[in-house]
1. Can you list the helices (runs of 4 or more DSSP H) lying wholly within the stretch 1-76 that have 1 or more residues being within 21 Å of the chain's Cα centre (by Cα) and either under 24 Å from residue 93 (Cβ atoms) or not aliphatic (A, V, I, L, M) (or both)?
2. When the residues of the stretch 56-80 are filtered to those that are in contact with a Lys or Arg (Cβ under 7 Å, 6 or more places away or on another chain) and closer than 27 Å to residue 240 by Cβ, which remaining residue is surrounded by the fewest Cβ atoms within 10 Å (Cβ to Cβ)?
3. Here are some conditions: (1) closer than 26 Å to residue 187 by Cβ; (2) part of a loop (DSSP other than H, G, I, E, B). Residue 223 meets all but one. Which one does it not meet?
4. Look at residue 91 and say whether it is under 30 Å from residue 234 (Cα atoms), touching a helix residue (DSSP H, G or I) at 6+ places or on another chain (Cβ under 9 Å) and not assigned by TED's automatic domain parsing to the domain that holds residue 292.
5. Is there any pair with a first residue in the stretch 153-172 that is under 19 Å from residue 250 (Cα atoms) and a second that is part of a strand (DSSP E or B) whose Cβ atoms are under 6 Å apart and which are 6 or more apart or on different chains, and what are they?
6. When you scan the stretch 274-298, how many residues do you find that are aliphatic (A, V, I, L, M) and either in contact with a Gly (Cβ under 8 Å, 6 or more places away or on another chain) or farther than 18 Å from residue 198 by Cβ (or both)?
7. What are the pairs with Cβ atoms under 6 angstrom where one residue, in the stretch 82-98, is in contact (Cβ under 8 Å) with a residue 40 or more places away in the chain and the other, located anywhere, is in a helix (DSSP H, G or I)? Sequence gap at least six, or different chains.
Amino acid sequence: MVVLSPNDPMTRGQLRRMAELAREEGLTVRWEDARGGPAAPFHTIGALAPAVRRARRIVIGDPFSRYVQLLLTLARARELVVVDDGTATMEFVSQLARGERLVRWHRSGRGGGPRDAVFAPVSAVARRRLTPREGHRSVEVFSSMPVEPPAGVLVTPNDFAWTRARFGPPALTGGADLVGTSLAETGVVDLDRYVGAVTALARAHGATRYFAHRRENTDKLHRLAVETGLEIVRPDLPLELIARRGPIGRTIVSFPSTVVHTLPLALAGTDVKVAVCDIDPAWLTDTASPRAQGFLSGVTGTARDVHRLSSVPAAAP
């Protein structure tokens with residue numbers, strides 16, 4: 001297993017912990033500081049190229065990553081597997097089916113810059129590598145997300161059996177926990193409206209803790225703590241593992257995100273209820289992608305075993 005480490009300290013920390021778990025399961029983990037300076041990409045690609053070219057089977061975690069796409073141009077593997085339980089998997093499979101370029105759903109869609117133009121040929125090759133060819137290359141998606149694959153792509157559902165066997169069952173607290181998102185950081189949702197929505201949800205459900213997304217910035221979290229009185233928790237592992245280890249609230253409230261699909265699976269057999277609050281269109285910023293509202297509605301609408309909440313009133317910016 002090769003970890004192409006990002007610069008974000010919270011993500012690095014979670015990856016370090018996950019690498020420890022992978023080693024405990026018998027995997028050999030190679031940590032690459034792939035973004036550690038101008039020369040790092042050349043060193044990383046050069047070091048990994050021979051192994052990528054030799055590999056019969058390649059498993060990747062983020063098909064939208066430019067690093068991954070660049071490595072895929074070197075690949076000759078007859079088997080490619082995408083392992084991802086994020087909402088981006090839904091967009092990846094849809095774009096693959098439509099033959100579109102691979103671009104993250106929250107990107108504005110207003111046209112790429114010079115870097116996008118330079119990288120476009122690489123991205124096109126990567127997309128072709130991720131398209132199955134009968135007799136030459138198979139493509140599999142291993143995910144808990146609801147997806148409708150294009151012809152030839154095999155989807156294997158992740159039911160979180162390993163997580164349930166490895167951790168828990170959790171002790172339950174009497175109250176509720178909120179799950180944060182990075183929708184404000186990515187420019188999709190207005191920050192003031194987001195803080196207002198969190199405040200309203202905390203009051204309505206008697207929540208005491210706020211589990212921060214790894215990409216939420218410190219200033220925003222400080223503001224949430226001051227204005228809502230919530231205890232801010234920055235998990236050192238993905239929330240599915242944190243929740244399974246416990247203690248966790250009897251109710252978990254989230255905005256549309258990966259966890260509304262994964263937590264019901266990870267917490268199957270417990271008395272935890274997962275509730276999802278829709279994003280009001282009024283919360284979206286002027287620069288949000290035109291696809292944002294439809295995509296977020298789709299994340300909520302396709303979630304199983306969750307309680308749907310109507311959007312809450314949030315403070316005007």
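1. Details: elements: 9-24, 40-54, 66-72.
Counting at least 1 such residues, we get 9-24, 66-72.
2. Once the filter is applied, the top-ranked residue is 79.
3. The failed condition is (2).
4. yes
5. Final answer for the pair search is 170/248; 172/250.
6. Number of matching residues: 2.
7. Within 6 Å, the pairs are 85/262; 87/299.
To keep it simple, each residue is scored yes or no on (1) among the basic types (Lys, Arg); (2) within 20 Å of residue 84 (Cα to Cα); (3) at pLDDT below 95.
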position: 122; (1), (2), (3): no, no, yes
position: 130; (1), (2), (3): no, yes, yes
position: 133; (1), (2), (3): yes, no, yes
position: 151; (1), (2), (3): no, yes, yes
position: 160; (1), (2), (3): no, yes, no
position: 174; (1), (2), (3): no, no, yes
position: 177; (1), (2), (3): no, no, no
position: 183; (1), (2), (3): no, yes, yes
position: 200; (1), (2), (3): no, no, yes
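The values are calculated or read from the model by the stated rules, or taken from the named source; none is laboratory data. Quick caveat, the model's predicted, so the values are computed rather than measured. Note that we place each Cβ from the backbone using ideal geometry, even for glycine, and neighbour counts take in every protein chain shown.
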